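The values are calculated or read from the model by the stated rules, or taken from the named source; none is laboratory data. Owing to the predicted nature of the structure, the values given are computational and were not obtained by experimental measurement. Heads up, the Cβs are rebuilt from the backbone with ideal geometry, glycines too, and the neighbour counts pull from every protein chain shown. Accessible surface is based on the protein model in full, side chains and every heavy atom, while ligands, DNA and RNA are left aside. Shrake-Rupley method; radii C 1.70, N 1.55, O 1.52, S 1.80 Å.
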Amino acid sequence: MPATHRKLLAANWKMHLSLQEAQELTSEVVQTYQTEIAAPLPLVLCVPFPYLSHVLHLTKGEPFVAVGAQNVHHKAEGAYTGEVSAQMLRSVGTQYAVVGHSERRQYFGETPQQIADKIALLLEHRIRPIFCLGETLEEREAGQTIAVLTTQLEGSLAGFTAEQMAQIVVAYEPVWAIGTGRTASPEQAQEVHAALRAQLTAHFGDDVAQATPILYGGSLKADNAAGLFAQPDIDGGLVGGASLHTRSFIIIAKALATYAH
Ligand code: PGA
């Protein structure tokens, strides 16, 4: 299992890039990281399944660049054509996996129980889950943000022990901010992150809550990263669009590296 650091930056490439582009981007990120980022800041590249082995190969031996999947199936194995298991991910060396992304909840009907099952399988195979949660614009405007997030958090995490929770990364991604160019303000995000950390304290104790990375995601860019990362409970980011270009991703990493030690 990769070591736990509270500061962490993850790239979510989603369904973008050819293999060649993915390899070029990986090499550039590794090289630029080595020359421009002095702090011990873990970067996690969450890449499409077919590129896992290639990206793992290109990042081999880099102590602070890890590789993640963007999903995993919620059953251990069996007749599930087209699906990928936690064991398969582990067998190629995958270190992290995103679970419960709002795009998967929305377009593929993922349920809190399925997400919990995915997390359990990942932990069993020593892969760190990056658990995403977030409210829609409608829910925010109705004043339901914290209630919705509480339901999502409890619905998928309540069954785990403190020891298991210590291996899980949380990513708050307001649905209205993902891919829209509309980011949560640092104050809006901080308010939610603090509330999530309080819930982690209530369920798993203060030590685990204080050590858990709570990432922000949703139109995180080079020009808004510094303001968000300055907040005490924002421990890093899950970056979609801006992770597809070395420059913007590295600028975001540099903003976070200020706080990594
Ligand atoms: P975005 O995506 O940065 O393109 O908004 C973030 C995510 O969905 O993880």
Quiz prompt | lysines whose Cα lies under 23 Å from that of LYS221, excluding same-chain neighbours fewer than 8 positions away | solution = LYS7, LYS14, LYS254
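For SER91 and THR258, compute 0.36 nm times the residue count separating them, minus their Cα-Cα distance, and round to one decimal in nm.
56.7 nm
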Exercise. Normalise the Debye intensity by I(0) for the chain, one equal point scatterer per Cα, no solvent, then take log10 at q = 0.11, 0.14, 0.16, 0.17 Å⁻¹ and round to two decimals.
Key: -0.53, -0.90, -1.22, -1.41
Practice problem: Pull up all non-local amide H partners of GLU62: gap of 5 or more, or a different chain, and H-to-H distance under 5 Å with H placed in the peptide plane. | Solution: none
Quiz item: Per-residue ellipticity at 222 nm for the chain, helices alone: DSSP H runs ≥ 4 residues times -39500 (n - 2.57), over residue total, nearest 500 deg cm²/dmol?
Solution: -13000 deg cm²/dmol
Quiz prompt | Inter-label distance, nm, simple model (7 Å from Cα along the C-beta direction), GLU124/ASP223 | solution = 4.8 nm
Quiz item: Under a point-charge model restricted to the Cβ atoms of Lys and Arg (+1) and Asp and Glu (-1), what is the dipole moment magnitude of segment 122-261 relative to its Cα centre, in debye to the nearest 20?
Solution: 580 debye
Self-check item: Cα-centred dipole magnitude for the chain, charges only on beta-carbon of K, R (+1) and D, E (-1), debye, nearest 20
Solution: 460 debye
Quiz item: Once the Cβ-Cβ distance between ALA230 and GLU77 is put in as r, and R0 is 51 Å, what FRET efficiency do you end up with, to the nearest 0.05?
Solution: 0.70
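Please give the peptides 96-102, 48-54 ranked by average Cβ packing (other Cβ atoms within 10 Å per residue), highest first, as a rough proxy for protection.
96-102, 48-54
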Practice problem: Would you look at the GNM of the chain, springs on alpha carbons closer than 10 Å, and say which of GLU138, GLU124, GLU154 moves the most? | Solution: GLU138
Self-check item: segment 1-92: GluC sites (Glu not before Pro) in DSSP coil with no more than 13 other Cβ atoms inside 10 Å
Solution: GLU77
Quiz item: Given labels modelled 7 Å from the Cα in the Cβ direction, how far is it in nm from TYR107 to ALA147?
Solution: 3.0 nm
Exercise. Would you mind getting the accessible area per residue of the chain, heavy atoms of the protein chains only, 1.4 Å probe, in Å²?
Key: 43 Å²
Quiz item: Round to a whole number: what % of the accessible area of the chain belongs to carbon and sulfur, probe 1.4 Å?
Solution: 53 percent
Exercise. Amide H neighbours of VAL99 under 5 Å, at least 5 residues apart or on other chains, H built in the peptide plane: list them.
Key: ILE130, PHE131, CYS132
Exercise. Quick one: divide the alpha-carbon radius of gyration of segment 135-261 by 2.2 N^0.38 Å and tell me what you get.
Key: 1.05
Quiz item: Given the Cα-Cα distance of LYS60 and GLU163 and 0.36 nm per residue of separation, how much length would full extension add, in nm?
Solution: 34.3 nm
